[in-house]
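Below you'll find the structure, written out as structure tokens, and then a few comments.
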Amino acid sequence: METCKNFCPVSDTNPQACSVRLQSVAKKFGDGPDVLQDINFDAVAGDFVAIIGPSGCGKSTLLRMLAGLVSQNSGQIEIDGSAPGRNSPELSYVFQEPTLLAWQRVAANVELPLILRGVPAARRAEIVQRCLRQVRLGERADAFPRQLSGGQQMRVSIARALALDPRLLLLDEPFGALDEMTRNHLNEELLSLREAASWTAFFVTHSVAEAVFLANRVIIMSANPGCIAHEVAIDLPYPRTPATREEPSFQQLAAKVSGLLRTVEEAAK
Amino acid sequence: MKIRCSTIWPALIAGSAFIAIWYGVRGIISPAREFMLPPPHEVLAAFGEHATELLNASRNTGIGALLGFSLAVVVAVAMALTLSLNNLIRAGLYPYLMMMQMMPVIVIAPILVLWAGAGLPSVTIITFLICFFPLVVNTTQGLISTDRSLVELFKMYRASKWQEIVRLRVPAALPYFFTGLRIAGTLAPIGAIVGDFSAGNSAGNGGGLGFLTLIYGAQFKMAALFATVFSGCVLGFVFVAAVSGLSWLCLHQWHDSYEKPDN
């Protein structure tokens, strides 16, 4: 039997979401200019942070640093007190594309992280089923990815991200390629998934409406070098529903974020 | 891989037209040269007349082709895995792989006959040499073209190198591998015939199709030569069909080169 240390996917007690701390973080690639400069940010457990900003402001780089895929040149990143990488709490990354294994059926795609982490086979089937039910794809477990629509493929990707019960969810424009209707649906689903589990989220997006709908904090970044220009607190109560989008307070906040984004983009010209 | 009437009829009509033109051309060439183009029914008769020889030669060539082809697959896959894992090895060996492909097989054959002896060993090696390059190049390309996000995903889930190869790189390379396999599959019988032509003449069992070509050519048996050509075609077709079937088995459910199964 395969064993796994420090791992507890379907815990009896809900695992706690983690906190994230960035202190004077800077990043450049090779001898180039700073891609990110002096990033200071604290996310408390359970925060849903949306990151929005012009192209090239280093949003994705920031996310990749949190995932431990690239490391910063200076400054400190702490996830629950430890640096990103092997010892950081369980985290999942959702890419812009569904990024599924085309040769594996839906269920096997969701099972992948569990296999790679050595979760015993006996427990895997149950977790896979639960995750697929959560994204309303329980019926499509035996389909191949290409038989699914773009929205369904993205839901498989999210189910896979949830399989290890992450404490930190990093989403890099996951719904950017989808039409607005599908995107709205998935936004609502993502929030309802959040009700059921407890994770901290960083969500990169180009859509102001999406950022305001999902997050309790929106970070507006500026480019050259990338840094945090503004932060807007979204004090709309959860759970949020499609009706939330119609509320004046939602529209005011969206207008505020749009306005700040515009000033950032104009300053870059 | 459905075979539809709509694809069979045009092929049958084109085939009939080809035979008609064949008869037509034969009708207009001067009687003195008629021997150069035996009519289709004579070729058919030659099949019957030389059936044992042709079958035997096809079998010998088929064995050589299959051995060389299989050897090429095994060595090429091992080589591709090595090349994909290390840029230095890839940079070091690639030029020589290219050179191997440039080698004129006809010139290599006499050397091989001296080294390995005529017959099956030489035929196998020549087939191997011809099949190897497309296999190794395509498979290597497949192994290094893995989607970067998926590689990162594996990294984030702390997959071992072995898991990354077995669960990601190898299956992702399958479509490329099969592209190489199709090319090698069409080349294998040709390689075996060429090999047999230049190195098969003292093979046991009377040699393969290449050797038969030499004999019939020397005897001016034109109809038998044509029958030999078609035997080679059939052999090639068997190879291509087998490779296509294998490719279908491995890819049709998930790869976009095949129609989607119904939802």
Exercise. What number of residues within the range A:133-145 satisfy the criterion of being of a type outside the set (Gly, Ala, Ser), open to solvent by less than 30 Å² (accessible area, probe 1.4 Å) and over 18 Å from A:GLU188 (Cβ atoms)?
Worked result: 2
Problem set entry | Residue check for B:VAL113: in a helix (DSSP H, G or I) and modelled with pLDDT of 90 or more | no
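From A:ARG86, A:ARG117, A:ARG123, which residue is of a type in the set (D, E, K, R) and in the same structural domain as A:PHE203 (by TED's automatic domain parsing)?
Working: A:ARG117 fails: in the same structural domain as A:PHE203 (by TED's automatic domain parsing); A:ARG123 fails: in the same structural domain as A:PHE203 (by TED's automatic domain parsing).
Testing whether each residue is of a type in the set (D, E, K, R) and in the same structural domain as A:PHE203 (by TED's automatic domain parsing) leaves just A:ARG86.
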Problem set entry | Spans of strands (runs of 3 or more DSSP E) in the range A:36-147 with at least 3 residues within 10 Å of chain B (Cβ to nearest Cβ) and not charged (D, E, K, R) | A:91-94
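Restricting the search to the range A:45-77, which residues are among the hydrophobic types (A, V, I, L, M, F, W, C) and in contact (Cβ under 8 Å) with a residue 60 or more places away in the chain? So that I can check it myself, show each step before the final result.
Start the filter on the range A:45-77 by keeping residues that are among the hydrophobic types (A, V, I, L, M, F, W, C), which leaves A:45, A:48-52, A:57, A:62-63, A:65-67, A:69-70, A:77.
If the condition is that a residue be among the hydrophobic types (A, V, I, L, M, F, W, C) and in contact (Cβ under 8 Å) with a residue 60 or more places away in the chain, then A:ALA45, A:PHE48, A:VAL49, A:ALA50, A:ILE51, A:ILE52, A:CYS57, A:LEU62, A:LEU63, A:LEU66, A:ALA67 are the ones that fit.
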For this session: Determine whether B:ALA109 is among the aliphatic types (A, V, I, L, M) and without any contact (Cβ under 8 Å) to a residue 24 or more places away in the chain.
Result: no
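For (1) under 28 Å from A:VAL128 (Cβ atoms); (2) crowded, with 16+ Cβ neighbours inside 10 Å, each residue gets a yes or a no:
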position: A:VAL204; (1), (2): yes, yes
position: A:SER207; (1), (2): no, yes
position: A:ALA211; (1), (2): no, yes
position: A:ALA215; (1), (2): no, yes
position: A:MET221; (1), (2): no, yes
position: A:GLU247; (1), (2): no, no
position: A:ALA268; (1), (2): no, no
Problem set entry | Residues located in the range B:130-175, provided they are more than 13 Å from chain A (Cβ to nearest Cβ) and buried (at least 20 other Cβ atoms within 10 Å of the Cβ) | B:ILE130, B:CYS131, B:PHE132, B:PHE133, B:PRO134, B:LEU135, B:VAL136, B:VAL137, B:ASN138, B:THR139, B:THR140, B:LEU143
Exercise. In the range B:95-103, is there at least one residue being under 27 Å from B:THR146 (Cα atoms) and crowded, with 16+ Cβ neighbours inside 10 Å?
Worked result: yes
Problem set entry | Count - residues of the range A:150-191 that are open to solvent by 10 Å² or more (accessible area, probe 1.4 Å), basic (Lys, Arg) and in contact with a helix residue (DSSP H, G or I) (Cβ under 8 Å, 6 or more places away or on another chain) | 2
Exercise. Of everything in the range B:217-244 that's without any contact (Cβ under 8 Å) to a residue 40 or more places away in the chain and part of a helix (DSSP H, G or I), which residue is nearest to the other protein chains (Cβ to nearest Cβ)?
Worked result: B:ALA241
Exercise. Does the range B:24-38 contain any residue that is open to solvent by 50 Å² or more (accessible area, probe 1.4 Å), of a type outside the set (Lys, Arg), in contact with a Phe, Trp or Tyr (Cβ under 7 Å, 6 or more places away or on another chain) and farther than 21 Å from B:VAL229 by Cβ?
Worked result: no
Problem set entry | Qualifying residue in the range A:106-118 (condition: crowded, with 21+ Cβ neighbours inside 10 Å and under 18 Å from the mean Cα position of the chain (by Cα)) | yes
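With the condition kept exactly as written, say whether any residue in the range B:11-26 is in contact (Cβ under 8 Å) with a residue 40 or more places away in the chain, more than 27 Å from B:HIS255 (Cβ to Cβ) and either part of a helix (DSSP H, G or I) or of a type in the set (A, V, I, L, M, F, W, C) (or both).
We begin by selecting, within the range B:11-26, every residue in contact (Cβ under 8 Å) with a residue 40 or more places away in the chain; these are none.
So far as the range B:11-26 goes, no, none of its residues is in contact (Cβ under 8 Å) with a residue 40 or more places away in the chain, more than 27 Å from B:HIS255 (Cβ to Cβ) and either part of a helix (DSSP H, G or I) or of a type in the set (A, V, I, L, M, F, W, C) (or both).
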Problem set entry | Index of the failed condition, B:ALA91 passing every other in (1) surrounded by fewer than 21 Cβ atoms within 10 Å (Cβ to Cβ); (2) within 24 Å of B:HIS255 (Cα to Cα) | (2)
For this session: Report, ordered by the first and then the second residue, all pairs with beta carbons closer than 7 Å, sequence separation of six or more or different chains, a first member in the range A:237-251 that is in the same structural domain as A:VAL212 (by TED's automatic domain parsing) and in a helix (DSSP H, G or I), and a second member that is loosely packed, with under 10 Cβ neighbours inside 10 Å and not basic (Lys, Arg).
Result: none
Seminar exercise, completed: Checked against (1) under 23 Å from A:ILE115 (Cα atoms); (2) in a helix (DSSP H, G or I); (3) open to solvent by less than 20 Å² (accessible area, probe 1.4 Å), B:GLY180 satisfies every condition except (1)
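The values are calculated or read from the model by the stated rules, or taken from the named source; none is laboratory data. Note that the structure is a prediction, hence the values are computed from the model and not measured. In this analysis, Cβ positions are derived from the backbone assuming ideal geometry, glycine residues included, and neighbour counts consider all displayed protein chains. Quick note on the areas: whole protein, heavy atoms, side chains included, nothing else; ligands and nucleic acids left out. Shrake-Rupley method; radii C 1.70, N 1.55, O 1.52, S 1.80 Å.
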